[in-house]
Amino acid sequence: MRKTLHLMVLCLLASFLQAQTPGVSTYYEQTSGDTRNYIEYIPGNLPIIISAPHGGILQSGQTIGGVFYPDNDSSLPDRTCGTNERDDNTDILVREIQKEIFQLTGCYAHVIINNLHRSKLDPNREINEATCGNANAADHWNAFHNFIDQASASVEANWGKGLYIDLHGQSHSIPRIEAGYNITATELNIGDLNAANIINKSTIRNLVNNNLNNLSHEELVRGNNSLGEMFQNASGTFYASLGHPGCGSTSGYRTVPSATNNGATSCDDTRPYSNAYFDGDFYNNRRHGSGNGTSGGVGGAGTIDGIMTEVNRRVRDLGTYNGQVYDSRPQTLVPFAKDYAAVVLNFINTHYNDFANFGYLASMYAVNGPNPSPIVTGVANGVFSAPAGLAINPSTGEIDTANSTPGDYVITYSAGTCGYFSSSQTISIVSDISQDTEPPTAPSGLSAFNTSQTTTDLMWTTSTDNVDVVGYNIYQNGTFRETIPQVTNYVVENLTPNTSYTFKLTALDSAGNESAESNEVTITTLDDVTLNYCTSQSSNVNEEYISNVQIGDINNASGAQVYSDFTNISTDLVKNGQYVLTVTPTWPGTAYGEAYAAWIDYNQDGDFTDAGEQIWTQASTTESPVSTIITIPTSAPNGTTRMRISMKYNGIPTACETFNYGEVEDYTVNIVSASQDTLEPIITLLGDNPVQLFVNETYTDAGATALDNVDGDITDIIEVTGSVNTAVAGTYTLFYNVRDTAGNTAAEVTRTVIVEEIVIGCINGVETFPYNQSYENTLGAWKQSSQDDIDWTLRTGTTPSRRTGPSSATSGSFYIYVEASGNGTGYPNKQAIINSPCYDLTNEVNASFSFSYHMYGANDMGTISLDISSDNAASWTTIWSATGNKGNQWNAVTVDVSEYAGQSVQFRFNRVTGGTWQADVAIDSIALNTTLAARQETTNTKETNEETTAVSLEENNLTIFPNPVKEAMLYIRLDKGTPQTYAIKNVYGQTVASGKAEEQIRVNQLASGIYILEVSDGYNTFTKKFIKQ
């Protein structure tokens, strides 16, 4: 009924919806020209709808954010029923969420806002309580819900499914978000969330049956991929830094229900226990979500799921917002809105996003071959795109092979009007695929099952080919019947009843090579006989009758009949699919105990007596409605058959009886095989790629995930080949592959692991000083960065732009500069970075870096900075910078970098252009000057009253053990003398520990890795490398 209503709304409002602009507000006008803007709808182009019913401030008679909002509309008196408490700042929060979703996607969520104060209207209540009987308020109540219905119709028409969120605020003592699904606290505490009666009323009922990862209701509500757990795992670091979450949380937003349990009942967010909790059973969530509501309420029962989020008070603090002071607290609302938007998109992408699924039957096509078209299994009417060289129809995806240039192309299909949802496939165009003369291997293991009067199922093991298998030929009774795509199961239709058939297959590749034949199977279709089902009915429906039956596409409301033949009403039931069967009784007077039973004639033989055909029994109960979950056997033959539903007073009915009170209804169900799966799984690497290690470091593979459109999460069957030997420097490759149950193979993913030798100081760096560079027609060892927008350029004479840049070099003939010309290419805010070689200052005690720069042009020149790094460019520190016009001359700069003596360093010039083309900046005459450290010779002596001599390095030796060290202590020993001090340095030359040396040094605080130990005896310094495990 809900689905039908949406389609009716869509048809009636089609032209109106097309005229709306996503992101632009439209308001309900009670009369023509009404500008009071009480009820607001901001249309969207994503499958996301968010409403804010309780944040309105109009007609409040209050000062909010420094602005007074008068209460002067006499048509809307204050409500005298229900609560009038406002959910502070949720009207601002929902706008910020929509804004952030746009920043992340370029698309808009649908947003509906009640701008009236809750003292005038409460849209989240039944209309009588919402308006307290005021007719004008009732108009606005209807407008609010009509806008949500319009948004739902748009989402269903464009996406087929979506998510509705009703946004609220609460101030409960435990600072956490409360996610409501129309499931009570008691049910969350002790109930079975996978029970049929709970799923039936859940506002995410549709998602339970249709989520992409085949998760149960329990997992969707409080599993690792639930909305609550996604909030727990959100950033939220600023919010957490204020100490709000409690229970040891240092990030994210505590949410109940979720998968997180941090201890006692007040810290266990998996369930509410006896703590305050809004369970989402209010009007909005029940009406606009996908559940059936409650026995006395309204249920959506469509494909738009609903979740009510009650966000706690501290995530809604505004401080000063848009120049208006709301409170004195640090502002949390805007950062929370950013995280909220990211969580909602994550939830959509995880559970709903198959919107852009498509695929071509092959990955290689020839310019002299036919034009292929893709199969779109996502939403239709998207846009196909590909790089230049591939002639592709943007509407249909058909490739014009004759007019395409040979090469590899990534084809992207974008669903919707804003392009956020997209997927890609790589297609190769070759000059002539006919050069492939090798046929695929023959299909094997062909079998037939589920044979009916007119159909049979075929299944086989996939073939392989040196290039690509694109399909199969089916031969029936020795004669070619049809060519089908690359699948491993197929339903043969339009057969004749009571007839014998033989079937065999061959495989085809892109070049047209046909494999040898598979094995042959023989079947005989069932006889087409008229089935006569036994009769069953009651004799009295005055006291009770069946008023509604729901399963699949059947949602049939009916009146009182002793027997109802509804076999003209049908639904498809997919084999191995799970379905909720719901029966609603009606009692004109007293509610009596009713018992139930249901049957499906799976083998289509005209009775309900075969094993497994009774699909449900329910003992006597007054519950309404009653539900069960059924699973369609994979062994059931395809085809239409009878389903019988029976309700009997105070006793479980049998299939063929006549009884006194109740009703019997018959329906038609069509048993079908699952859709053909032709889409490849997708492998996603976890962790870094490439991975860089030093010799003898431990390598632990971060792994990968694999998701399939049918099989869901198939991570556990990923095959990883290749190996990494960290004892030997080199480059290693790991290969990740997976295949789904339909035989579709994912595109291979690789990870590169680079194992490097440990080098202390510079790698191929500069060790001789002074160092000079004047860029005479070469950059020398300086390198352009790949992480910026534009490059530095060698130049002699003047720069191309007038009234900016130097006229000549300050040393020699050449200099380097950044050309700022070109709006969008050279300015504004374009970055140019050039990196120096590495300088080894390990034997230096003083160092200075000098250069000349020219910064002449407009006032808005932008910036130039000199940065230094002592950790191989992992991080940078600015040691000099300049801004603005410095005049038409070269300026000399010397920067003391003595604090970096003893280390290895790099420099970089970091230029960011301003807002004009007249802003050329140049660099020349670079020099790095140093002072060498005094060598510690073997003639050094320690002066005492006694005659002593120094121990030379050649005469002494440092011993360390154990190495590698796993425990807390590293033991040291000198052959002669006593250790005095020590320093431990990492592979970048940074000191990570130091102190007075004893026979043992504590190293348990060090991370695993390779370190350099320097030990001094007061005369000389000894060095050893060690590994901390």
For region 755-908, inverting the pair-averaged 1/r of distinct alpha-carbon atoms gives a Kirkwood value in Å of 16.8 Å
³J(HN,Hα), Karplus 6.51/-1.76/1.60, whole Hz, each residue of region 741-747, x for Gly, Pro = 5, 8, x, 6, 9, 5, 4
Rounded to the nearest Å, the spacing of the alpha-carbon centers of region 51-83 and region 115-178 is 16 Å
Provide the three semi-axes, in whole Å and in decreasing order, of the ellipsoid equivalent to region 682-756 as defined by the square roots of 5 times the Cα gyration tensor eigenvalues.
-> 28, 10, 9
For residue 783, list the aspartates and glutamates whose Cα falls under 16 Å from its own Cα; do not include residues on the same chain fewer than 8 positions away.
-> 791, 867, 924
Set of lysines near residue 99 by C-alpha distance (under 18 Å), chain-local residues within fewer than 8 positions excluded = 338
Mean Cβ-within-10 Å packing, highest first, puts peptides 501-514, 318-331 in the order 501-514, 318-331
Once Lys and Arg get +1 and Asp and Glu get -1 on their Cβ, which of 226, 496, 345 lies farthest toward the positive end of the dipole of the chain?
-> 345
For residue 781 and residue 880 in one chain, what is 0.36 nm times their gap in residues minus the Cα-Cα distance, to one decimal in nm?
-> 33.5 nm
Two-site FRET efficiency, residue 261 against residue 349, from Cβ-Cβ distance with R₀ of 25 Å, rounded to 0.05 | 0.45
Provide, as a two-decimal number, the C-alpha radius of gyration of the chain over 2.2 N^0.38 Å, N being how many residues it has.
-> 1.21
Peptides 29-39, 129-139 ordered by average Cβ neighbours within 10 Å, highest first | 129-139, 29-39
Could you give me the ³J(HN,Hα) list for region 833-843, computed from phi with Karplus coefficients 6.51, -1.76, 1.60 and θ = phi - 60°, whole Hz, x at Gly and Pro?
-> 10, 10, 9, 7, x, 7, 10, 8, 9, 5, 9
Kyte-Doolittle cut-off 0.5, length cut-off 20 Å along the helix's own axis using Cα: show which whole DSSP H helices in the chain pass.
-> 333-351
Measure off 7 Å from each Cα along the Cα-to-Cβ vector at residue 464 and residue 698, then give the distance between these two points in nanometres to one decimal.
-> 3.6 nm
Take the alpha carbon atoms of region 663-788, find their radius of gyration, then divide it by 2.2 N^0.38 Å using N residues; give the quotient.
-> 1.88
With x for Gly and Pro, the residue-by-residue ³J(HN,Hα) of region 192-201, computed from phi through the Karplus equation 6.51 cos²θ - 1.76 cosθ + 1.60 at θ = phi - 60° and given in whole Hz, is 8, 5, 8, 5, 4, 5, 6, 4, 4, 9
Dipole of the chain [Lys/Arg +1, Asp/Glu -1 at C-beta], most positive-end residue of 211, 361, 974 = 974
How do the peptides 120-126, 533-539 rank, highest first, by the average count of neighbouring beta carbon atoms within 10 Å per residue?
-> 120-126, 533-539
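Values in this text are rule-based calculations from the coordinates and carry no lab data. Keep in mind the model is a prediction, meaning the values are calculated, not measured. Note: ideal-geometry Cβ built from the backbone for every residue, glycine included; neighbour counts use all protein chains shown.
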